[in-house]
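Q: I am attaching a structure below and will ask some questions about it afterwards.
A short reminder: the numbers here are calculations on the coordinates, not readings from a lab. Here the structure is a predicted model, which is why all the values come from computation and not from measurement. FYI the Cβ positions are ideal-geometry reconstructions off the backbone, even for glycines, and counts take in every protein chain you see.
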Amino acid sequence: METAARTAPAAVIVAIDGPAGTGKSSTSKAVAAKLGLGYLDTGAQYRAITWWMVNNGIDVEDGVAVADAARKPVIVSGTDPAAPTITVDGTDVSAPIRTQEVTSRVSAVSAVPEVRQVITELQRTIATEAPRGMVVEGRDIGTTVLPDADLKIFLTASAEARAARRSGELKGKDASDLAATQAALAKRDAADSGRKASPLAKADDAVEVDTTDLTLDQVIECVVTLVEEKRAAA
Ligand code: DC
């Protein structure tokens, strides 16, 4: 008789990259939950280190100061897709990392090579510790952090669709104006794509999924099918 361990699928690593507003987080969490995998939001880690820099009076435009401090904060990510968590030095920062103050500074901090080195090491450690595998979302997961991922997805969407989704998410806060949201997203994407250290980029072997005209459920279904096809072929 076959044991459960023998029939359990091998651990699978899924890298989901793409710019802001393409549905990366919602898709990644849902795919991880459906397949019983862990979920890692790498953007939250860059936001967490940015929050620490701001809170500790570090000028985020001063690359040397940011680099010198990069190893100081202790960032811990909880990888349950139903309730992902993030702490810095033991403090829950899941809300403050989403403020405009952090969002407007995160591209500067995440462009500093020493920051990327620290966060990339952390991401690789977390990914290898997941017993059944993990969905890891970000900007450089397929190209740099986990180049041997079993499946790489690159999500895209038109600038208008991305801004509409983001401004819907932020309604009632400080970014309800569609044009301003679109401009802010374009600025952040340009900085994330244009930086020297592991920029936002599609890996050569990534599957590109344009989510402009798809519902979230359709995107989730598409990615789940791609994972199942990979597993079947393995
Ligand atoms: O996914 P997000 O919008 O929360 O990410 C916030 C920022 O973090 C994003 O503008 C760029 C940076 N980031 C990165 O440089 N590399 C990653 N793998 C993930 C995010």
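Q: What are the residues in region 107-126 that are within 12 Å of the ligand (Cβ to nearest atom) and not charged (D, E, K, R), if any?
A: Ser107, Ala108, Val109, Ser110, Ala111, Val112, Pro113, Val115, Ile119, Thr120, Leu122, Gln123
Q: Please verify whether Ala149 is surrounded by fewer than 21 Cβ atoms within 10 Å (Cβ to Cβ) and among the hydrophobic types (A, V, I, L, M, F, W, C), treating the condition exactly as stated.
A: For Ala149, the condition - surrounded by fewer than 21 Cβ atoms within 10 Å (Cβ to Cβ) and among the hydrophobic types (A, V, I, L, M, F, W, C) - is not met.
Q: Being over 25 Å from Ala191 (Cα atoms), in contact (Cβ under 8 Å) with a residue 24 or more places away in the chain and more than 15 Å from the chain's Cα centre (by Cα) narrows it down to one of Ala33, Ala70, so name that one. Working first, answer last.
A: Values: Ala70 fails: over 25 Å from Ala191 (Cα atoms).
That would be Ala33, the only listed residue that is over 25 Å from Ala191 (Cα atoms), in contact (Cβ under 8 Å) with a residue 24 or more places away in the chain and more than 15 Å from the chain's Cα centre (by Cα).
Q: Being of a type outside the set (Asp, Glu) and either within 30 Å of Ser158 (Cβ to Cβ) or touching a strand residue (DSSP E or B) at 6+ places or on another chain (Cβ under 9 Å) (or both) narrows it down to one residue among Ile13, Ile58; which is it? Spell out the reasoning first.
A: On the way: Ile58 fails: either within 30 Å of Ser158 (Cβ to Cβ) or touching a strand residue (DSSP E or B) at 6+ places or on another chain (Cβ under 9 Å) (or both).
Exactly one of Ile13, Ile58 is of a type outside the set (Asp, Glu) and either within 30 Å of Ser158 (Cβ to Cβ) or touching a strand residue (DSSP E or B) at 6+ places or on another chain (Cβ under 9 Å) (or both), namely Ile13.
Q: List the helices (runs of 4 or more DSSP H) that sit entirely inside region 132-234 and contain at least 1 residues that are hydroxyl-bearing (Ser, Thr, Tyr) and within 13 Å of the ligand (Cβ to nearest atom). Spell out how you get there, then give the answer.
A: Details: elements: 159-169, 178-194, 216-233.
Counting at least 1 such residues, we get 178-194.
Q: Of all the residues that make up region 26-43, how many are within 12 Å of the ligand (Cβ to nearest atom) and touching a Phe, Trp or Tyr at 6+ places or on another chain (Cβ under 9 Å)?
A: Residues that pass the stated criteria total 1.
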